[in-house]
Amino acid sequence: MASRKRPALARLTNALATPSQLQVSQALGLSGSLLSSLHYLGGSLIQVAGAILNIPAPTIATSAIIFHRFHLVAGFLEQSIRDTVAACLYIASKSCEFPLRPSVILAAVDTACQDPLAVGGKRIPKRKYTRANTETLDHWELRILTTLAFNLHVVTPYTLCMEYLVSANVDRDRQKTVAQRAWNYLNDTLKTKICILHQPNVIAVTAIWLAAREAELELLDGEKWWEAFDVDTEDMGHLVLLLREGRDIAIRERDRIESGRKPTLTVEDVKARILEEASLSSRQ
(Lines give C-alpha, C1' and ligand atoms only; values in the text may rest on other atoms or scores of the structure.)
Protein backbone atom coordinates (compact mmCIF):
# COMPACT_ATOMS: atom_id res chain seq x y z
CA MET A 1 0.00 0.00 0.00
CA ALA A 2 1.34 3.41 -0.93
CA SER A 3 0.79 6.50 1.17
CA ARG A 4 0.40 10.15 0.20
CA LYS A 5 1.59 11.85 3.37
CA ARG A 6 1.73 15.56 4.01
CA PRO A 7 4.10 16.51 6.84
CA ALA A 8 1.41 18.21 8.93
CA LEU A 9 -0.85 15.17 8.72
CA ALA A 10 1.65 12.34 9.05
CA ARG A 11 0.06 10.93 12.20
CA LEU A 12 -3.41 11.08 10.64
CA THR A 13 -2.77 9.27 7.37
CA ASN A 14 -3.44 5.76 6.12
CA ALA A 15 -1.74 3.72 3.42
CA LEU A 16 -3.59 4.29 0.15
CA ALA A 17 -3.97 2.20 -2.97
CA THR A 18 -1.50 2.50 -5.82
CA PRO A 19 -2.64 2.51 -9.48
CA SER A 20 -1.11 -0.95 -10.01
CA GLN A 21 -2.97 -2.37 -7.02
CA LEU A 22 -6.26 -1.00 -8.32
CA GLN A 23 -5.74 -3.00 -11.52
CA VAL A 24 -5.26 -6.38 -9.79
CA SER A 25 -8.90 -7.52 -9.75
CA GLN A 26 -9.66 -6.01 -13.15
CA ALA A 27 -6.76 -8.00 -14.57
CA LEU A 28 -8.48 -11.15 -13.29
CA GLY A 29 -11.51 -10.37 -15.40
CA LEU A 30 -13.97 -8.90 -12.88
CA SER A 31 -16.15 -5.98 -13.92
CA GLY A 32 -16.17 -2.70 -12.03
CA SER A 33 -19.80 -3.19 -10.97
CA LEU A 34 -19.05 -6.61 -9.51
CA LEU A 35 -16.01 -5.28 -7.65
CA SER A 36 -18.13 -2.50 -6.15
CA SER A 37 -20.71 -5.08 -5.07
CA LEU A 38 -18.02 -7.27 -3.51
CA HIS A 39 -16.58 -4.40 -1.50
CA TYR A 40 -20.10 -3.34 -0.50
CA LEU A 41 -21.01 -6.86 0.63
CA GLY A 42 -17.85 -7.20 2.72
CA GLY A 43 -18.37 -3.83 4.38
CA SER A 44 -22.03 -4.61 5.06
CA LEU A 45 -21.23 -7.99 6.61
CA ILE A 46 -18.62 -6.39 8.85
CA GLN A 47 -21.05 -3.71 10.01
CA VAL A 48 -23.89 -6.15 10.67
CA ALA A 49 -21.62 -8.62 12.48
CA GLY A 50 -20.04 -5.74 14.41
CA ALA A 51 -23.50 -4.57 15.52
CA ILE A 52 -24.37 -8.11 16.62
CA LEU A 53 -21.10 -8.29 18.58
CA ASN A 54 -21.73 -4.79 20.00
CA ILE A 55 -18.18 -3.65 19.31
CA PRO A 56 -17.16 0.04 19.05
CA ALA A 57 -17.43 1.90 15.74
CA PRO A 58 -13.63 2.41 15.43
CA THR A 59 -13.11 -1.36 15.73
CA ILE A 60 -15.70 -2.00 13.03
CA ALA A 61 -14.06 0.66 10.86
CA THR A 62 -10.64 -0.90 11.37
CA SER A 63 -12.04 -4.29 10.33
CA ALA A 64 -13.53 -2.80 7.16
CA ILE A 65 -10.35 -0.97 6.21
CA ILE A 66 -8.30 -4.15 6.65
CA PHE A 67 -10.84 -6.04 4.52
CA HIS A 68 -10.69 -3.54 1.65
CA ARG A 69 -6.88 -3.36 1.83
CA PHE A 70 -6.51 -7.12 1.71
CA HIS A 71 -8.84 -7.64 -1.24
CA LEU A 72 -7.23 -4.73 -3.06
CA VAL A 73 -3.93 -6.61 -2.98
CA ALA A 74 -5.16 -10.22 -3.16
CA GLY A 75 -8.22 -9.83 -5.38
CA PHE A 76 -11.44 -11.80 -4.90
CA LEU A 77 -11.07 -14.90 -7.06
CA GLU A 78 -9.62 -17.33 -4.53
CA GLN A 79 -10.89 -15.74 -1.34
CA SER A 80 -14.04 -16.49 0.62
CA ILE A 81 -15.72 -13.24 1.70
CA ARG A 82 -17.24 -14.96 4.72
CA ASP A 83 -13.81 -16.16 5.90
CA THR A 84 -11.99 -12.88 5.24
CA VAL A 85 -14.73 -10.86 6.96
CA ALA A 86 -14.42 -13.06 10.06
CA ALA A 87 -10.62 -12.84 10.01
CA CYS A 88 -10.66 -9.04 9.64
CA LEU A 89 -12.98 -8.73 12.64
CA TYR A 90 -10.72 -11.10 14.55
CA ILE A 91 -7.59 -9.09 13.72
CA ALA A 92 -9.22 -5.73 14.48
CA SER A 93 -10.68 -6.92 17.77
CA LYS A 94 -7.17 -7.75 18.96
CA SER A 95 -5.42 -4.70 17.53
CA CYS A 96 -8.10 -2.43 19.05
CA GLU A 97 -7.84 -4.20 22.41
CA PHE A 98 -11.36 -5.58 22.18
CA PRO A 99 -10.54 -9.31 21.91
CA LEU A 100 -13.34 -11.75 21.09
CA ARG A 101 -13.44 -15.54 20.97
CA PRO A 102 -13.18 -17.03 17.47
CA SER A 103 -16.44 -18.97 17.90
CA VAL A 104 -18.32 -15.77 18.83
CA ILE A 105 -16.99 -13.96 15.75
CA LEU A 106 -17.85 -16.88 13.47
CA ALA A 107 -21.38 -17.06 14.86
CA ALA A 108 -21.93 -13.33 14.32
CA VAL A 109 -20.56 -13.44 10.76
CA ASP A 110 -22.67 -16.47 9.84
CA THR A 111 -25.73 -14.68 11.18
CA ALA A 112 -24.82 -11.58 9.14
CA CYS A 113 -24.41 -13.71 6.01
CA GLN A 114 -28.08 -14.68 6.31
CA ASP A 115 -29.09 -11.01 6.01
CA PRO A 116 -26.27 -8.71 4.81
CA LEU A 117 -28.56 -5.67 4.63
CA ALA A 118 -29.76 -5.93 8.23
CA VAL A 119 -29.12 -3.07 10.64
CA GLY A 120 -28.21 -5.14 13.68
CA GLY A 121 -30.29 -5.77 16.75
CA LYS A 122 -29.85 -9.53 16.53
CA ARG A 123 -28.50 -11.78 19.21
CA ILE A 124 -25.62 -14.13 18.60
CA PRO A 125 -27.10 -17.61 18.15
CA LYS A 126 -25.64 -20.58 19.93
CA ARG A 127 -23.67 -22.43 17.29
CA LYS A 128 -21.12 -25.17 17.63
CA TYR A 129 -17.82 -24.71 15.84
CA THR A 130 -15.16 -27.36 15.54
CA ARG A 131 -11.43 -26.93 15.90
CA ALA A 132 -11.23 -27.04 12.11
CA ASN A 133 -13.46 -23.95 11.94
CA THR A 134 -11.22 -21.95 14.24
CA GLU A 135 -8.11 -23.22 12.46
CA THR A 136 -9.58 -21.83 9.22
CA LEU A 137 -9.96 -18.49 10.95
CA ASP A 138 -6.32 -18.67 12.09
CA HIS A 139 -5.29 -19.49 8.50
CA TRP A 140 -7.02 -16.43 7.09
CA GLU A 141 -5.72 -14.23 9.87
CA LEU A 142 -2.15 -15.17 8.98
CA ARG A 143 -2.78 -14.86 5.26
CA ILE A 144 -4.20 -11.36 5.64
CA LEU A 145 -1.37 -10.28 7.93
CA THR A 146 1.34 -11.56 5.58
CA THR A 147 -0.37 -10.10 2.51
CA LEU A 148 -0.44 -6.70 4.20
CA ALA A 149 3.14 -7.15 5.48
CA PHE A 150 1.76 -6.91 9.04
CA ASN A 151 0.95 -3.25 8.50
CA LEU A 152 -2.12 -2.73 10.67
CA HIS A 153 -1.76 1.02 11.11
CA VAL A 154 -5.28 2.39 10.69
CA VAL A 155 -6.64 5.88 11.31
CA THR A 156 -10.43 6.03 11.34
CA PRO A 157 -12.29 9.27 10.50
CA TYR A 158 -14.69 9.24 13.45
CA THR A 159 -12.61 11.17 15.98
CA LEU A 160 -11.48 13.65 13.31
CA CYS A 161 -15.07 14.25 12.29
CA MET A 162 -16.11 15.16 15.83
CA GLU A 163 -13.04 17.36 16.35
CA TYR A 164 -13.68 19.24 13.11
CA LEU A 165 -17.30 19.82 14.05
CA VAL A 166 -16.31 21.26 17.42
CA SER A 167 -13.85 23.61 15.75
CA ALA A 168 -16.60 24.75 13.36
CA ASN A 169 -18.22 26.52 16.32
CA VAL A 170 -21.77 25.31 15.61
CA ASP A 171 -24.44 25.69 18.27
CA ARG A 172 -25.01 22.53 20.29
CA ASP A 173 -28.43 21.56 18.93
CA ARG A 174 -27.46 21.91 15.26
CA GLN A 175 -24.08 20.31 15.94
CA LYS A 176 -25.84 17.21 17.26
CA THR A 177 -27.96 16.97 14.11
CA VAL A 178 -25.00 17.42 11.79
CA ALA A 179 -22.87 15.01 13.84
CA GLN A 180 -25.45 12.21 13.56
CA ARG A 181 -25.85 12.68 9.82
CA ALA A 182 -22.08 12.87 9.32
CA TRP A 183 -21.63 9.71 11.40
CA ASN A 184 -24.09 7.90 9.12
CA TYR A 185 -22.09 9.00 6.09
CA LEU A 186 -18.91 7.72 7.71
CA ASN A 187 -20.60 4.35 8.20
CA ASP A 188 -21.58 4.33 4.52
CA THR A 189 -17.97 4.87 3.42
CA LEU A 190 -16.98 1.57 5.05
CA LYS A 191 -19.00 -0.29 2.41
CA THR A 192 -16.91 1.14 -0.43
CA LYS A 193 -13.26 1.50 -1.46
CA ILE A 194 -13.26 5.07 -0.14
CA CYS A 195 -11.05 4.17 2.84
CA ILE A 196 -8.25 2.92 0.57
CA LEU A 197 -8.53 5.83 -1.87
CA HIS A 198 -8.83 8.84 0.46
CA GLN A 199 -7.25 9.93 3.73
CA PRO A 200 -9.33 10.13 6.95
CA ASN A 201 -9.37 13.95 6.95
CA VAL A 202 -10.93 13.98 3.47
CA ILE A 203 -13.54 11.43 4.53
CA ALA A 204 -14.38 13.31 7.74
CA VAL A 205 -14.68 16.69 5.98
CA THR A 206 -16.83 15.31 3.16
CA ALA A 207 -19.18 13.64 5.65
CA ILE A 208 -19.54 16.96 7.49
CA TRP A 209 -20.08 18.85 4.23
CA LEU A 210 -22.85 16.47 3.15
CA ALA A 211 -24.48 16.57 6.59
CA ALA A 212 -24.28 20.36 6.79
CA ARG A 213 -25.78 20.71 3.32
CA GLU A 214 -28.73 18.54 4.36
CA ALA A 215 -29.19 20.68 7.47
CA GLU A 216 -28.85 23.87 5.39
CA LEU A 217 -26.01 25.01 7.64
CA GLU A 218 -23.03 27.14 6.57
CA LEU A 219 -19.81 26.38 8.42
CA LEU A 220 -16.96 28.74 9.37
CA ASP A 221 -18.57 31.62 7.45
CA GLY A 222 -16.66 30.79 4.29
CA GLU A 223 -17.20 29.20 0.88
CA LYS A 224 -14.20 26.88 1.16
CA TRP A 225 -13.99 26.08 4.88
CA TRP A 226 -12.73 22.57 4.06
CA GLU A 227 -9.40 24.03 2.92
CA ALA A 228 -8.71 24.79 6.58
CA PHE A 229 -8.51 21.00 7.03
CA ASP A 230 -6.22 20.47 4.02
CA VAL A 231 -8.97 19.05 1.78
CA ASP A 232 -9.67 20.00 -1.85
CA THR A 233 -12.91 19.89 -3.80
CA GLU A 234 -11.65 17.32 -6.31
CA ASP A 235 -11.16 14.67 -3.63
CA MET A 236 -14.50 15.55 -2.06
CA GLY A 237 -16.25 15.20 -5.41
CA HIS A 238 -14.73 11.77 -6.04
CA LEU A 239 -15.73 10.62 -2.57
CA VAL A 240 -19.33 11.77 -3.10
CA LEU A 241 -19.50 9.77 -6.36
CA LEU A 242 -18.29 6.62 -4.59
CA LEU A 243 -20.84 7.14 -1.82
CA ARG A 244 -23.58 7.50 -4.42
CA GLU A 245 -22.43 4.27 -6.07
CA GLY A 246 -22.70 2.46 -2.72
CA ARG A 247 -26.15 3.85 -2.05
CA ASP A 248 -27.29 2.77 -5.53
CA ILE A 249 -26.30 -0.80 -4.64
CA ALA A 250 -28.26 -0.62 -1.38
CA ILE A 251 -31.35 0.82 -3.13
CA ARG A 252 -31.17 -1.87 -5.82
CA GLU A 253 -31.06 -4.66 -3.26
CA ARG A 254 -33.81 -3.25 -1.05
CA ASP A 255 -36.06 -2.73 -4.09
CA ARG A 256 -35.57 -6.39 -5.02
CA ILE A 257 -36.46 -7.53 -1.51
CA GLU A 258 -39.51 -5.27 -1.25
CA SER A 259 -40.81 -6.52 -4.60
CA GLY A 260 -40.48 -10.14 -3.46
CA ARG A 261 -37.46 -10.96 -5.60
CA LYS A 262 -34.32 -12.68 -4.40
CA PRO A 263 -31.49 -10.28 -3.45
CA THR A 264 -28.30 -10.53 -5.50
CA LEU A 265 -26.02 -9.30 -2.74
CA THR A 266 -25.41 -12.61 -0.98
CA VAL A 267 -22.23 -14.60 -0.40
CA GLU A 268 -23.48 -17.42 -2.65
CA ASP A 269 -24.60 -15.13 -5.46
CA VAL A 270 -21.41 -13.08 -5.66
CA LYS A 271 -19.35 -16.28 -5.60
CA ALA A 272 -21.26 -17.50 -8.66
CA ARG A 273 -20.83 -14.11 -10.38
CA ILE A 274 -17.07 -14.15 -9.71
CA LEU A 275 -16.72 -17.59 -11.29
CA GLU A 276 -18.91 -16.62 -14.24
CA GLU A 277 -17.08 -13.39 -15.06
CA ALA A 278 -13.65 -14.98 -14.58
CA SER A 279 -14.67 -17.85 -16.87
CA LEU A 280 -15.93 -15.48 -19.58
CA SER A 281 -12.72 -13.46 -19.36
CA SER A 282 -10.54 -16.55 -19.78
CA ARG A 283 -12.36 -17.49 -22.98
CA GLN A 284 -11.72 -14.14 -24.63
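The values are calculated or read from the model by the stated rules, or taken from the named source; none is laboratory data. Note that the structure is predicted; figures quoted are calculated from it, not measured. Note: ideal-geometry Cβ built from the backbone for every residue, glycine included; neighbour counts use all protein chains shown.
Key figures
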read-out	value
Every pair of residues 6+ apart whose Cβ atoms lie under 7 Å, when the first sits in segment 252-272 and is within 22 Å of SER31 (Cα to Cα) while the second is surrounded by 11 or more Cβ atoms within 10 Å (Cβ to Cβ) and of a type in the set (Gly, Ala, Ser)	LEU265/SER37; VAL270/SER37
For ALA204: the one exception among (1) of a type outside the set (S, T, N, Q); (2) touching a residue at least 12 places away in the same chain (Cβ under 8 Å); (3) in the same structural domain as THR62 (by TED's automatic domain parsing)	(3)
Checking ARG6 against (1) closer than 22 Å to THR146 by Cβ; (2) modelled with pLDDT under 95, the condition it does not meet	(1)
Single match in ILE249, ILE144 (criterion: modelled with pLDDT under 95 and either assigned by TED's automatic domain parsing to the domain that holds LEU41 or within 26 Å of GLN23 (Cβ to Cβ) (or both))	ILE249
Segment 237-251: number of residues that are surrounded by 13 or more Cβ atoms within 10 Å (Cβ to Cβ), hydrophobic (A, V, I, L, M, F, W, C) and over 14 Å from SER44 (Cα atoms)	3
Unmet criterion (only one of (1) in contact with a helix residue (DSSP H, G or I) (Cβ under 7 Å, 6 or more places away or on another chain); (2) closer than 27 Å to GLN199 by Cα) for CYS113	(2)
Subset of segment 252-270 (residues that are surrounded by 15 or more Cβ atoms within 10 Å (Cβ to Cβ), outside the structural domain of THR189 (by TED's automatic domain parsing), out of contact with any Lys or Arg (no Cβ under 9 Å at 6 or more places or on another chain) and assigned to a helix (DSSP H, G or I))	VAL270
Any hit, segment 84-99, residues being surrounded by fewer than 16 Cβ atoms within 10 Å (Cβ to Cβ), modelled with pLDDT of 90 or more and basic (Lys, Arg)	yes
Residue check, THR189 modelled with pLDDT of 85 or more, touching a Cys at 6+ places or on another chain (Cβ under 7 Å), assigned by TED's automatic domain parsing to the domain that holds LEU165 and buried (at least 21 other Cβ atoms within 10 Å of the Cβ)	yes
